[in-house]
Structure formats: C-alpha cells, structure tokens
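K.L.:
The structure's right below; bear with me while I get my questions together.
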Amino acid sequence: MKPQRLLAMSASILFLVTGCGGSESGPAAVLSPTASIVSTTVPERAPGSAGDIEQACAELKFVQDLSDQTAAATNEILQRVATDPEGTSEAEIIAAFATLATEIEASLPETLAAYDRAAAVAPSGIDAEIRAVADGTARLTPALVEAFTKIQTADDLANIQGIFAKPELQDAARDAGIASLRIDNFTNPNCGFQFSNS
C-alpha cells in the first residue's frame, strides 16, 4: 500500500476515534485502571440542583485523556509509516491497528462510565450534551473495533472508511460532534480545557 494512501485513510480514522472528545494538544498520559470496570448507573441529581462542576470537569478530563491516548497510539503507527515506509510491512501495520482496536474496546466501558458520572452531576443543559456524546461513542466505537479486527489485507485497511458510510453512523458522528462543541461552552470557562478536538 502506498504510504500516502495509508496516511490519508488513517487520518480519517484518527478523526473518527477522537472526534467526540480529545484535545490532541500533546502526548497523552498512559492510563492505568484503578478499579474493576463495572456497569454503573449514577442517580440523576435532584431537581433544581446546580450540579457538581468540579466532578463534571474531572470526569470529562478523564474521557479527554483516554481520547488523547488513542490519538497518540494512532499517531505512533502513522509516524512509523511516514518515517520508514519501506521498512514497515503491511502485516506490521495491520497488526498494530488490531492491537489498537483491542485497547479501544477495552477502554469503552470505562469511558461510558465516566460520561455517565459526568452527566449525572453536570449543570442542567450540559448533561444532555454529555449523554449525546456518550451515545455517539457507544454506537461508533463497536463499528470501528469490528472493522479493525476483521482486517486481513491491505485492501481491507484501505476500505475501512466504508463502515462509516452507513447513515446511522454518520448521524451518530454528526450529533456527537455537535454536542462535543457545545460541551466546550462549559469546559472552556469552568474546567480550563477544550473538550472537543476542533
């Protein structure tokens, strides 16, 4: 596969896996789970409550860090291809993306739990946007993981963008992207960081 073609295709993948959150502003920290991931349901805050801005910021920052970690891992693969296209075999590239898919899949429950906690304590209005981004993440991530794990040839990798041609996934990506931008209106003044990757 020509390196230029791979780079263009992978840039689109990078946008899709980090488009719902992640600053891509620098190297991401390697995150280690501190507890077992359990499906959690956080009670909605009481009517009239202003929410817990500090906790909401902390949960959204955690999600952003996971997103940045994915971006960093993807960039590492692309960098390898860009700097040594002749020395990097297609098999190595395919294996690297398969490993990345496993990591993305493993982090999904933790990511969705953080969204759930953030939405439960966020101020009114922002909670709906957080849930919209979480919904998009929940719908897009399995499709990406499935596509990565089915890659057997370079052509499979080159055609991977086709999975996002489905209208329902395009809608999910659009809605999550818009909600992510709206979350910026909360995180920029209250948390000191931009949530979206725009």
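K.L.:
Ordered by residue, what ³J(HN,Hα) values in Hz, to whole numbers, does the stretch 113-128 give under the Karplus form 6.51 cos²θ - 1.76 cosθ + 1.60, where θ = phi - 60° and Gly and Pro are x?
P.N.:
Along the stretch 113-128, the couplings run 5, 5, 4, 4, 5, 5, 5, 5, 10, 6, x, 4, x, 6, 4, 5 Hz.
K.L.:
For S124 and K166, what is the calculated FRET efficiency with R₀ set at 41 Å and r taken between the beta-carbons, to the nearest 0.05?
P.N.:
With R0 = 41 Å, the Cβ-Cβ based efficiency is 0.80.
K.L.:
Using θ = phi - 60° and the Karplus relation 6.51 cos²θ - 1.76 cosθ + 1.60, list the HN-Hα couplings for the stretch 90-103 in order, rounded to whole Hz, with x at every Gly or Pro.
P.N.:
So the J values, rounded to whole Hz, are 4, 4, 5, 5, 4, 5, 5, 5, 5, 5, 4, 4, 4, 5.
K.L.:
Say each of E76 and N159 gets a label point 7 Å from the Cα, pointing the same way as Cα to Cβ; how far apart are those two points in nm?
P.N.:
3.0 nm
K.L.:
Then there is this: With only alpha-carbon atoms counted, please give the Rg and Dmax of the stretch 105-145, in Å.
P.N.:
10.6, 33
K.L.:
Still on this structure: Find out how many positive minus negative residues lie around Q170, taking Lys and Arg as positive, Asp and Glu as negative, among other residues whose Cβ is under 15 Å from that of Q170.
P.N.:
That works out to -1.
K.L.:
Just the number please: accessible area per residue for the stretch 43-198, 1.4 Å probe, all protein chains included, in Å².
P.N.:
48 Å²
The values are calculated or read from the model by the stated rules, or taken from the named source; none is laboratory data. It should be emphasised that the depicted structure is a prediction, and the values quoted were computed from it without experimental measurement. Every residue, glycine as well, gets a Cβ built from its backbone with ideal geometry; the counts of neighbours run over all protein chains shown. These accessible areas exclude ligands, DNA and RNA; they are computed on the full protein's heavy atoms, side chains included. Shrake-Rupley method; radii C 1.70, N 1.55, O 1.52, S 1.80 Å.
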